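Heads up: the structure comes next, in structure tokens.
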Amino acid sequence: GAAAIAAAGHGREMMMRRMATAAIDGALDEAHASPEQRAAIHAARDRVFAAIEEHRKDRQARLDDMLTLFEGDRLDDRLPALRGQIEGEHATIATAVSAALVDAHAVLTPAQRKVVADYVRSHRHAHP
């Protein structure tokens with residue numbers, strides 16, 4: 001039942017993490033990134049993963065809150081607060097992603113950034 005669903009969700013998250021890591025490493029391979037550059041970019045990637053994981057750990061509680069709210073007589077009373085909470089969590093993830101981009105930009109040379117951008121352009125057909 002619930003444990004199997006939770007395990008499947010965790011498996012999906014791990015698969016997405018592996019796919020993102022492979023894509024990042026593929027781009028860094030193409031750019032001939034140094035070990036130091038890779039370490040900085042991997043640290044930034046890990047901060048993004050941590051922000052996403054922090055958001056996802058409260059997923060069941062958020063769903064329960066939404067369902068309780070939906071079942072109640074007055075949906076509009078608490079809906080703005082719940083929406084604000086979710087938007088705040090999404091903003092935290094967006095900030096982590098932006099910071100990771102700044103970090104990657106700072107450690108890669110202009111030529112490497114071009115290679116990474118070209119790599120992303122040539123591989124995005126796999127992820128519409």
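Scanning the range 107-128 for residues that are modelled with pLDDT of 95 or more and open to solvent by 80 Å² or more (accessible area, probe 1.4 Å) gives PRO110, LYS114. Here ASP73 passes the criteria (1) more than 27 Å from ASP118 (Cα to Cα); (2) modelled with pLDDT of 95 or more; (3) not in a helix (DSSP H, G or I) except the one numbered (2). For the range 87-102, name all the residues that are open to solvent by 50 Å² or more (accessible area, probe 1.4 Å) and of a type in the set (D, E, K, R). Correct list: GLU87 only.
Conditions (1) among the charged types (D, E, K, R); (2) more than 12 Å from the chain's Cα centre (by Cα); (3) open to solvent by 50 Å² or more (accessible area, probe 1.4 Å), marked per residue:
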position: GLY26; (1), (2), (3): no, yes, no
position: ALA44; (1), (2), (3): no, no, no
position: ARG62; (1), (2), (3): yes, yes, no
position: LEU67; (1), (2), (3): no, yes, yes
position: LEU75; (1), (2), (3): no, yes, yes
position: ALA81; (1), (2), (3): no, yes, yes
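Take the residues of the range 52-70 that are among the acidic types (Asp, Glu) and within 30 Å of ALA20 (Cα to Cα): which is modelled with the lowest pLDDT?
Keep residues of the range 52-70 that are among the acidic types (Asp, Glu), which gives 53-54, 58, 64-65.
From what's left, within 30 Å of ALA20 (Cα to Cα): 53-54, 58, 64.
Numbers: GLU53: 90, GLU54: 89, ASP58: 85, ASP64: 91.
Step by step, filter the range 52-70, then rank; the result is ASP58.
The values are calculated or read from the model by the stated rules, or taken from the named source; none is laboratory data. Given the structure is predicted, the values throughout are model-derived calculations rather than measurements. Side chains are part of the model used for accessible areas, which takes the heavy atoms of the whole protein and leaves out ligands, DNA and RNA. Shrake-Rupley method; radii C 1.70, N 1.55, O 1.52, S 1.80 Å.
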